[in-house]
Amino acid sequence: MAETLNILVVDDEKPIREVMKEFLERGQSYRVLTAQDGFEALQIIAKEKIDCCLTDISMPGVDGLELTERIQAMDNTIPVVVMTGYPSLDSAIRTLKNGVVDFLIKPVKMEQLSMVIERTMRERALFVENVLLKEEVKGKQRLLDLNRELEEKIRELETVNLILRRLDHPASSRALFETLVKLCGEVTSCDEAHFVVLDQEGKDPSVISSFYEGAVRGAPEIQPVRRELLDRLAMEGIPVLVKGENGKGNLIAAPLKIRSSLFGALVLKANNGKGPLKERDLYYLNFVLEKASSSIENFALYDNLYQSLFSILYAFVETLEARDAYTKQHSSRVTQYSVAMAKALGRPDEDMEILQVSANLHDIGKIGIPDHILLKPGRLTDDEYHVIKRHPLIGSHIVGHFDMWSREQRVIRAHHERWDGRGYPDGLRGEEVPYLSRIIAVADVYDALTSDRSYRSKMSTEKAAAILQENSGSQFDPEILALFLDLLRQGTVDLSEGPHETGVQREAPVHSGWVS
Ligand SMILES: [Fe+2]
């Protein structure tokens, strides 16, 4: 069943309203509402759904033209047909401008009335359809825009998340700088990224780490970042975007500040490989720098603390060694032998760092040994030797106060363990003895043998090497010892010709031949 349309007839003449209502409702397609003037018409429109309005032009109060304007303002899908007795071109133009869609000439002929309404309703349907289509197109476009924005936001979030993950808990400051430049290569469209450290005046740049797209470096560059650019960065303290060299591509240099002072700069270059660097690249670069600066600051504070602590503990070792001319610089030489062995054995950088602490501090536990034993001239009694054997434990307890030195603690504790399990304090055997402790054990004994003692002069390298060899597989790890003897033969590690001053002997009876 066809929908009944609501027609509003507005005329100040009651007979006209009644005739039109009766005529239009006869066919049951229309429901007719009537109003005697514009005010009443507007009230009806506010309450009812009106499909078409027929209005007289000349009415008291709100006339037909004003009514049309106000209807247009309320709902521009309601077509308005005006009924006028004296149509002229001028009035026709005026009414059309006001949104009138058609005319009926008074006196209105009924057959014409039906025709005009039908035509108006067809046009209105088209108009409404058109409006709906436009709305739909607008809606679809909006959806597409929203989808694009959403995708953009997701990409941004993923990138930020990637940056946060990569810069979270870097293993070392070196790893952090490597990560920084690689990350810039991933999240921006740069072809090269360099991290440059500057001095306090923003001068003396040195490139710490570099990234090259596809790892293809091309011709090696001595200084991949122009000096004047860094000067400008140091002066202005804000990111700088400039054209690339020879007008090719562009580059961004951004400062990395630690507590508002310039520490270094990240320089990104686009050489036209992935297009020029844009605002978004700068956004990610700033985010990377912000996150990195707090990590670098933490590393700097940690390094500072680490260095201070090591300096204090090493000062104890030096004091101990200074009281006994036999052992002057003993720990320093043991460290040099140990590091040389570790390098020749291809140990990782991390082991070198552990050795720097544990070899230098291996005898720090002697702080806890009473002077009358530690500095006793001549041989020690068994009881005294028992006391002095506590020094690896005491040393490991001292270093063990600092969590960052847990590996060093184990190495120090085991530096008097033996390959055959007859060492102390734990009687560890073979590979149970930490690898670095086995290295220090060789270095420690070699330095003791090639140093003067009150009861003997220092041994020659050859003699010391022969004694070490006799104890291969008993006191020492045979592989490590073989390597050390090789190094001695090659003359690459021997420090025994250096100054070894004489003084009093204060160590153990020669249970195992020697004790450092
Ligand atoms: Fe020792």
Residues in segment 20-43 that are in a helix (DSSP H, G or I) and either more than 26 Å from R70 (Cβ to Cβ) or free of Cβ contacts under 8 Å to residues at least 60 places away in the same chain (or both) total 11
Expected single match for modelled with pLDDT of 85 or more, part of a helix (DSSP H, G or I), open to solvent by 60 Å² or more (accessible area, probe 1.4 Å) and farther than 30 Å from T188 by Cβ among E111, E69, E151 is E69
Taking A448 as the residue in question, decide whether it is over 19 Å from E479 (Cα atoms) and either of a type in the set (S, T, N, Q) or open to solvent by less than 60 Å² (accessible area, probe 1.4 Å) (or both). yes
With the condition kept exactly as written, say whether any residue in segment 403-413 is within 11 Å of the ligand (Cβ to nearest atom), in contact (Cβ under 8 Å) with a residue 40 or more places away in the chain and open to solvent by 60 Å² or more (accessible area, probe 1.4 Å).
no
Pairs returned, first residue in segment 381-396 that is more than 12 Å from H362 (Cα to Cα), second residue that is among the hydroxyl-bearing types (S, T, Y), beta-carbon separation under 6 angstrom, 6 or more apart or interchain, are K389/Y424
Only unsatisfied item for K328, checking (1) more than 16 Å from the ligand (Cβ to nearest atom); (2) under 28 Å from I439 (Cα atoms); (3) of a type in the set (K, R), is (1)
Notebook entry, point to check: If you go through segment 445-452 one residue at a time, do you hit one that is within 15 Å of the ligand (Cβ to nearest atom) and within 42 Å of the chain's Cα centre (by Cα)?
Noted result: no
When segment 472-486 is checked residue by residue, the ones that are open to solvent by 20 Å² or more (accessible area, probe 1.4 Å), away from the ligand (no atom under 16 Å from the Cβ) and of a type outside the set (D, E, K, R) are S472, G473, S474, P478, A482, L483
Does segment 457-466 contain at least one residue that is within 53 Å of the chain's Cα centre (by Cα), more than 16 Å from the ligand (Cβ to nearest atom) and over 17 Å from V334 (Cβ atoms)?
no
The residue from V317, V334, V357, V387 that alone is open to solvent by 30 Å² or more (accessible area, probe 1.4 Å) and within 16 Å of the ligand (Cβ to nearest atom) is V387
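The values are calculated or read from the model by the stated rules, or taken from the named source; none is laboratory data. Only a predicted model underlies this, so the values are computations on that prediction, with no experimental measurement involved. Ideal geometry is used to build each Cβ from the backbone, glycine not excepted, and the neighbour counts take in all protein chains shown. In case anyone asks, the SASA skips ligands and DNA or RNA and just uses the protein heavy atoms, side chains included. Shrake-Rupley method; radii C 1.70, N 1.55, O 1.52, S 1.80 Å.
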